Amino acid sequence: MDKQKHKQKIIAEYLLGGTSTRKLAIKYGYGHVTISRWVMAHERYVDKKGLRFSKAVMEPDGPLPTDIHELQEALRISRLKVELLEAMIDISDEQFGTDIRKSWHQAVMRVEQSSGVSLSLLCLLSGHSRQAYYKRRFQAERKPIKEEVIVQQVLKHRQLQPRMGGRKLYLSTKGFIRQHDMKLGRDAFFRVLGKYNLLNKRRRHKVRTTNADHWMKKHPNLIKDKVPVASDQLWVSDITYLELTHGHAF
C-alpha cells in the first residue's frame, strides 16, 4: 500500500470515530501531529470544494439485508425518506418564515453528545468544517451575554427618557456597541427590544367630539327605526358653535 492510500485509510478511520490521533499514531507509526494535519487538510479541502451532503445517515429499522437487490431497495427508501424530510423543512421555512438549516451546529452538538460519533464526521456530513462549528458554537454561547449588556444600556437611557423610541435608542447605543466590538444592526437591535418587551406601544390619539355622559336631559333618537322611502321625509340638522373670548357664537 502506497503512502497516499495509507494516509486516506488513516483519515477515514479517524472520521469514523472511536479513536484519536494519538492511538492512530501508535498503531501506524506516524506522529499524532502529522495525522492531525492530515485531517485538518482534508476538512479544508472538503469546505473549499463546497461539498454538501444532502443525504443524511439513516439508521436501519431492522437487520441489514444481504441480497444486492434488497440493499438497493433499502438505499432507495432511505433516499426517499431524506427527500421527504428535506421537502418538509422547505415547506416549514416557506410557511413560517424559519430557516431550520441555520441550526446545523445545534444538531451536530446533540448527535455528538447522544451517540458519541466523531465531531469531524458529523461536520463532514453537515457540509461544514470543524472551525465553522466552533465559531457558531462560540457565537451562540456569547449571544445571551451580548443581549444582556445591550438591555442594561437601554434601561439606563429609559430611566432618563421612558418614552424614547427604538430608532433613537439604537443611535444612542451605537457608539457603545462599537466600543465593545459587538456587531448589531438596526433590525437585530429591534429584535432584542421585542424579545425583552422593551418596545414602546404607540399611543393612538382619537378626538372625542361627543359626550353623552352628563346629568342633563338626553333627547331620544326619533329616526332610529325609520327608513325613508321618498325625498323630504327626513330632515337632519346640526348645531355648530365657536368658542370666543366672551362666550360662544352658534
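Annotations
- Output for the stretch 134-159, where each listed residue is without any contact (Cβ under 8 Å) to a residue 24 or more places away in the chain, surrounded by 13 or more Cβ atoms within 10 Å (Cβ to Cβ) and farther than 16 Å from residue 197 by Cα: 134, 135
- Among the residues here, residue 162 qualifies as in a loop (DSSP other than H, G, I, E, B) and loosely packed, with under 10 Cβ neighbours inside 10 Å.
- The residue that is modelled with the lowest pLDDT, counting only those in the stretch 188-215 that are surrounded by 10 or more Cβ atoms within 10 Å (Cβ to Cβ) and assigned to a loop (DSSP other than H, G, I, E, B), is 200.
- Out of 116, 97, 127, sole residue that is in contact with a Phe, Trp or Tyr (Cβ under 7 Å, 6 or more places away or on another chain) and surrounded by fewer than 17 Cβ atoms within 10 Å (Cβ to Cβ): 127
- In the set (1) within 18 Å of the chain's Cα centre (by Cα); (2) in a helix (DSSP H, G or I); (3) over 30 Å from residue 88 (Cβ atoms), the condition left unmet by residue 183 is number (2).
- Condition met for residue 98 (of a type outside the set (D, E, K, R), outside any helix (DSSP H, G or I), at pLDDT 55 or above and under 30 Å from residue 129 (Cβ atoms)): yes
- All told, residue 177 meets the bar of being farther than 30 Å from residue 21 by Cα, in a helix (DSSP H, G or I) and touching a residue at least 12 places away in the same chain (Cβ under 8 Å).
The values are calculated or read from the model by the stated rules, or taken from the named source; none is laboratory data. Please read these numbers as outputs of a predicted model, since none were measured by experiment. Counting neighbours? That spans all protein chains shown, and the Cβs are built from the backbone with ideal geometry, glycine included.
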